[in-house]
Amino acid sequence: MKPILHFLAILLWPFMFSFVQAQTPEPAPLPSFFDFLYAQQDSMPVLELKTDWSKLVRKKMDMEYQSAVLGFTHEDGRNIALDVQIKARGNMRKQVCFYPPLKVKLPKKQLGALGFSNYNDLKMVLQCRTGSRDEEWIVKEWFIYQLYECISPAALRTQLVRINAVQDEKARGALYAFLLEYEDEMAARLKAKVVKQGVVGFGVLDRDAYVKMCFFQYMIANTDWSVPNRHNLEFIMTPPQTSIVPIAYDFDYSGLINTSYAVPYEALPIKSVTDRHFLGVNVTLEEAMEARRHFLSKKEEVMQRCHNFNLLEERSKKMLVRFISDFFDIIQDEKFVKRTFVTAR
């Protein structure tokens, strides 16, 4: 009898093992360092960045990595110092701004020891220069990302932080910055794939996501983007779907922010970035009306966020509220929507 039972156990073991595997829940994925900071939405994390700031600014056009130490307070109260590499990134902003946007490379070994996943890339957008005007620009841009998350589930997450700049153990001042989720981490979160290469034609785009993105760009008066040129857009695809979802980023040329260096592309029929212009291609009446309904359904939430945005002086906050409110007034008018947003001929 025992040999038979032993034989049956051997025969059935693969099936029993598969059953146990199916019944055992997968362990929760480790949070990334970005997840840790993003979870602090009710506060503003303070980070310390020690590096040769003079060299960083002087050599920003070379976009070469240099050593730095990124300090933060862990949730258990410990002060942690990460040995990171940083370099300037971006195009126009690193040319016109004193402080360039940064790519931060985090050490995987230290991340693992702290219980974080191995996603070790961060994008850090520093305020352009020192001064209250530049502080307003950076917090406004961060806020635009918050509005985008409200409109679309496919959006890059951001976290506003305060950076204490240190060089040679001496404080160089404090800067506002926001951290931008890296595209690979965003894709993993959305169970999607980043489309990193090749020309993206309008015919392969997810039309609903594309048109809503176009409406959003119109809402904030941003024309600094392009599908064919992959300019200020990420593209993802969620299998088994084969259509491609565009995700907007970099909003410093938007009229809602109205930076001093922002000018519209000369081929556009607008004189100022504060003038709205719709760039949607081949948008049908049905698509425009669906996007209109979607945005109107989000009006209360969007406007509430604007009213609750307390990082601006009262005058600037009122201007922001009025700018966004004007957009919703515009799309209330069906005739205007047909005339402006329907581009299919």
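Show the residue pairs meeting these rules: Cβ distance below 7 Å; 6+ apart or different chains; first residue within segment 188-202 and within 13 Å of Ala155 (Cα to Cα) and surrounded by 10 or more Cβ atoms within 10 Å (Cβ to Cβ); second residue modelled with pLDDT under 95 and among the polar types (S, T, N, Q).
What qualifies is Leu190/Thr238; Ala192/Thr238.
Could you tell me which numbered condition Met44 fails, if it satisfies all but one of (1) buried (at least 19 other Cβ atoms within 10 Å of the Cβ); (2) in contact with a strand residue (DSSP E or B) (Cβ under 7 Å, 6 or more places away or on another chain); (3) assigned to a loop (DSSP other than H, G, I, E, B)?
Condition (1) is where Met44 drops out.
Do we have Arg58 as surrounded by fewer than 17 Cβ atoms within 10 Å (Cβ to Cβ) and either more than 30 Å from Leu311 (Cβ to Cβ) or free of Cβ contacts under 8 Å to residues at least 40 places away in the same chain (or both) here?
yes
Return the total of residues in segment 203-222 being without any contact (Cβ under 8 Å) to a residue 60 or more places away in the chain and part of a helix (DSSP H, G or I).
Residues that pass the stated criteria total 3.
Out of everything in segment 124-133 that is touching a Ser or Thr at 6+ places or on another chain (Cβ under 9 Å) and buried (at least 20 other Cβ atoms within 10 Å of the Cβ), what residue ends up being nearest to Asp83 (Cα to Cα)?
Per the stated criteria, the residue is Val125.
The values are calculated or read from the model by the stated rules, or taken from the named source; none is laboratory data. Every value quoted in this text rests on a predicted model; they were computed, and no experiment measured them. Heads up, the Cβs are rebuilt from the backbone with ideal geometry, glycines too, and the neighbour counts pull from every protein chain shown.
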